[in-house]
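A quick write-up on the structure given underneath.
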């Protein structure tokens, strides 16, 4: 389980480092790969929590990028 936490944390760090929308798109692919990789290791409710969290963080990052581009 610790390795999954480390992997998820790394995905979030990558998301936080994004500088444009194409970076975010790549991070989404990375996150989806992570989900497929750990699908049989976590419960559906935990998976949904991770997805919700990622989506919220992605939305915030998108807003920051758009704000900084003006």
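The values are calculated or read from the model by the stated rules, or taken from the named source; none is laboratory data. Since this is a predicted model, take the numbers as computed values, not measurements. As a convention, Cβ positions derive from the backbone with ideal geometry for all residues, glycine included, and neighbour counts pool all protein chains shown.
This table checks each residue for (1) under 21 Å from residue 2 (Cα atoms); (2) without any contact (Cβ under 8 Å) to a residue 40 or more places away in the chain; (3) surrounded by 11 or more Cβ atoms within 10 Å (Cβ to Cβ).
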site	(1), (2), (3)
18	no, no, yes
22	no, yes, no
29	no, yes, no
39	yes, yes, no
46	yes, yes, yes
52	yes, yes, no
55	no, yes, yes
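Residue 13 satisfies every condition listed in (1) touching a helix residue (DSSP H, G or I) at 6+ places or on another chain (Cβ under 8 Å); (2) modelled with pLDDT of 95 or more; (3) part of a helix (DSSP H, G or I) except (1).
Under the condition of being within 10 Å of the chain's Cα centre (by Cα) and surrounded by 12 or more Cβ atoms within 10 Å (Cβ to Cβ), which residue from the stretch 1-15 is farthest from residue 68 (Cα to Cα)?
Residues of the stretch 1-15 that are within 10 Å of the chain's Cα centre (by Cα), as a first pass: 8-15.
If we keep only those that are surrounded by 12 or more Cβ atoms within 10 Å (Cβ to Cβ) as well, we get 8, 10-12, 14-15.
Numbers: 8: 26, 10: 24, 11: 22, 12: 20, 14: 18, 15: 16 Å.
In this case the residue turns out to be 8.
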